[in-house]
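Let me begin by presenting the structure, written as structure tokens, before commenting on it.
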Amino acid sequence: MVLTLNREQATIFAQVLLKELLEEGVDLSTFVVDHICYETGTVEEYSQIKRSLINKKIPGLEGVLLTEAEVSGRPIATFIFDSPLRVDRFQIEALEVPSPKAGKAVKTGWDHVEIVIQESFEAFKNKYPHLRYQKKYVTKALNDELVIGLYSGRVKFHHLPLSTIIALENP
């Protein structure tokens, strides 16, 4: 179950998604890869993984729990790595581990990376109209998101890093 939750697999997952973006013609030069997400299929699995990460039992993914917050009716734990993942020129500083939403079947494993962009979503979509956008964009109270599907996973684009959102929500 937790076999794929390790530093090597996290790095490979992020590398593959970024390579797919490049192959789609997306210019990554101004992007900040904010965090990576590992989905859990059950509440028990979420609890076990969260406990393992808190107790630094997953070599290579050591860090500290930044927050555990209720988002869309389920807890999501966010960890800041002691040592960021290095993927090409990017440093990924955080890991997001969501509990599954009630009534929704979720496959355990790496799900997405989140990227901070400066340009508006409309400008981004106009620049890359050929991408497979999953929705127009999701409006949220603090940090709207634009989601694209790639062969190996999803990429979510935001305008603010997750650590900024957490700081704003937990003053």
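The numbers here are math on the coordinates, done by the rules we state, and not lab data. The shown structure was predicted, so the numbers you read here are calculated from the model rather than taken from an experiment. All Cβ positions, even for glycine, are placed from backbone atoms using ideal geometry, and neighbour counts span all protein chains on display.
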What is the local net charge at Ile58, summed over the other residues whose Cβ is closer than 13 Å to its Cβ (Lys, Arg +1; Asp, Glu -1)? +2
Too long for a 23 Å Cα-Cα cut-off, among Lys19/Lys50; Lys19/Lys101; Lys127/Lys156, are Lys19/Lys50; Lys19/Lys101
Per-peptide average of other Cβ atoms within 10 Å, ordering 120-130, 37-47, 16-26 highest first: 37-47, 16-26, 120-130
Can you order the peptides 148-157, 106-115, 63-72 by their average number of other Cβ atoms within 10 Å per residue, highest first? 106-115, 148-157, 63-72
In a solvent-free Debye calculation with one equal scatterer on each Cα, what is log10 I(q)/I(0) for the stretch 75-171 at q = 0.22 Å⁻¹, listed in the order of the q values? -1.48
With eigenvalues of the C-alpha gyration tensor scaled by 5 and rooted, the chain, Å: 25, 18, 16
